[in-house]
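As structure tokens, the structure follows; a few thoughts come after it.
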Amino acid sequence: MTSVNIGIIGLGNWGNKLAASLKNIAEANLVSCYARTKNKREDFANKYSCEAKDTIADFLNDKRLDGVLIATPHSSHVEMIT
């Protein structure tokens, strides 16, 4: 089976639920995360053994990523996708 490398933007309640769910998928690797708050990024990265990115640009330019889970408020999804 092929594995996929996933990143998560938005590390609050839904970000944590998604990261916890990824642990149950053998083919999914959580490799990076991003949130605006440095402490939140670092705490999340330590909890889920992934790399915290300091900027959204660094996160999106991570060549390891095969996919991104967006766990920010729904009103920001269109902007993030485009």
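The values are calculated or read from the model by the stated rules, or taken from the named source; none is laboratory data. Not measured: the values here are computed from a predicted model. Neighbour counts are summed over all protein chains in view; Cβ atoms, including those assigned to glycine, are modelled from backbone coordinates with ideal geometry. SASA here: full protein model, heavy atoms, side chains in, ligands and nucleic acids out. Shrake-Rupley method; radii C 1.70, N 1.55, O 1.52, S 1.80 Å.
Which one is farthest from Gly10 (Cα to Cα) among residues in the range 44-58 that are of a type in the set (Ser, Thr, Tyr) and open to solvent by 30 Å² or more (accessible area, probe 1.4 Å)? Taking the candidates together, the pick is Ser49. Screening Leu11 with (1) of a type outside the set (Phe, Trp, Tyr); (2) touching a Phe, Trp or Tyr at 6+ places or on another chain (Cβ under 6 Å); (3) open to solvent by 20 Å² or more (accessible area, probe 1.4 Å) gives one miss only, at (3). Within the range 26-37, residues that are more than 9 Å from Lys53 (Cβ to Cβ) have Cβ atoms under 6 Å from residues that are of a type in the set (Lys, Arg) and surrounded by 12 or more Cβ atoms within 10 Å (Cβ to Cβ) in these pairs: Ala35/Arg41, counting only partners at least 6 apart in sequence or on another chain. Summed over the range 48-73, the residues that are in a strand (DSSP E or B) and of a type outside the set (Val, Ile, Thr) give a count of 4. Taking first residues from the range 47-58 that are hydroxyl-bearing (Ser, Thr, Tyr) and partners that are crowded, with 16+ Cβ neighbours inside 10 Å and assigned to a helix (DSSP H, G or I), the Cβ contacts under 7 Å between residues at least 6 apart in sequence or on separate chains come to Tyr48/Ala19.
Of all residues in the range 15-42, which are more than 11 Å from the chain's Cα centre (by Cα) and more than 19 Å from Asp66 (Cα to Cα)? Answer for the range 15-42, where residues must be more than 11 Å from the chain's Cα centre (by Cα) and more than 19 Å from Asp66 (Cα to Cα): Lys17, Arg36, Thr37, Lys38, Asn39, Lys40, Glu42. With respect to (1) of a type outside the set (S, T, N, Q); (2) over 12 Å from the mean Cα position of the chain (by Cα); (3) modelled with pLDDT of 95 or more; (4) assigned to a helix (DSSP H, G or I), the lone exception for Ala45 is condition (2).
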